[in-house]
């Protein structure tokens, strides 16, 4: 039986809410010691962009456009957060911090808090969230425009897409994905409703994600508001269509893309993740976005829970 026509895998129910790793570690205190946690950064230990390299060992890009924010409104937990800025310019620019995974993974969950600034205005090419990938970077260099073929790479980005200026900023949550069945030399956009771009604006979820796919509402987040994002990428078993990508906002499952073929060889595994603010061209205004409380793990993390206040005597 070919992979293209393989029987659909049974879907394991996905966790939601405060049922993950974070529930055991109020304010994320001590969460890095959990055996399932691969990485944690609340940006409390740095004062400037160059110091980020101590944790983000795959690169800190555009240091001049990165700041450690300490204003109360621009941090989520603790005293500091990460601020990305893209200047008003026609040229392409990518802000990012990235982490290598030496012990490559079959599945990874990435949780973080982020906020777009009030007035954020970007149309067109923009990777403005998070990335989980397998061998997408060749000797540290990205490989955009090189299609995934099942043996070379796969990539998924949890982000917002705004293709026209008439669309409310910052656009719909979606997953941008390089996979062996992509429609173009660049990645596909998967939307919670089942729409897949660039093939059409019509819903094609059942064709791409199988009969068990559940359509959900496409959602545009509010600007100037912190959201808890979580993003799972599970590589398929070679020869089966059991790869899966899922996304949560504030602990609520907003997108679930099953039935995926992401690889055809077992040695293609997750080796890198990161957060980013990329633009193809940005001629309207300077834009900013903040990130905080990043955790990567091999199981569901969930939103941060607050420490209980001390009891009054």
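Has the range 261-282 got any residue that is on the phi > 0 side of the Ramachandran plot and either part of a helix (DSSP H, G or I) or loosely packed, with under 15 Cβ neighbours inside 10 Å (or both)?
no
Exactly one condition in (1) out of contact with any helix residue (DSSP H, G or I) (no Cβ under 8 Å at 6 or more places or on another chain); (2) surrounded by 20 or more Cβ atoms within 10 Å (Cβ to Cβ); (3) under 27 Å from residue 292 (Cβ atoms) is not met by residue 84; state its number.
That leaves (1) as the condition not met.
Scan the range 122-170 for residues that are under 16 Å from residue 272 (Cβ atoms) and surrounded by fewer than 14 Cβ atoms within 10 Å (Cβ to Cβ) and jot them down.
Hits for the range 122-170 are 138, 139, 140, 141, 144.
All but one of (1) outside any loop (DSSP other than H, G, I, E, B); (2) surrounded by 15 or more Cβ atoms within 10 Å (Cβ to Cβ); (3) without any contact (Cβ under 8 Å) to a residue 60 or more places away in the chain hold for residue 73; state the number of the condition that does not hold.
(2)
Filter the range 282-303 for residues that are within 17 Å of the chain's Cα centre (by Cα) and either without any contact (Cβ under 8 Å) to a residue 60 or more places away in the chain or farther than 16 Å from residue 224 by Cα (or both) and give the result.
293, 294, 295, 296, 297, 298, 299, 300, 301, 302, 303
Since every read-out is calculated from the coordinates, none of them should be taken as a lab result. No experiment lies behind these values; they were computed from the predicted model shown. Here the Cβ is made from the backbone with ideal geometry for all residues, glycine too, and neighbour counts use every protein chain on show.
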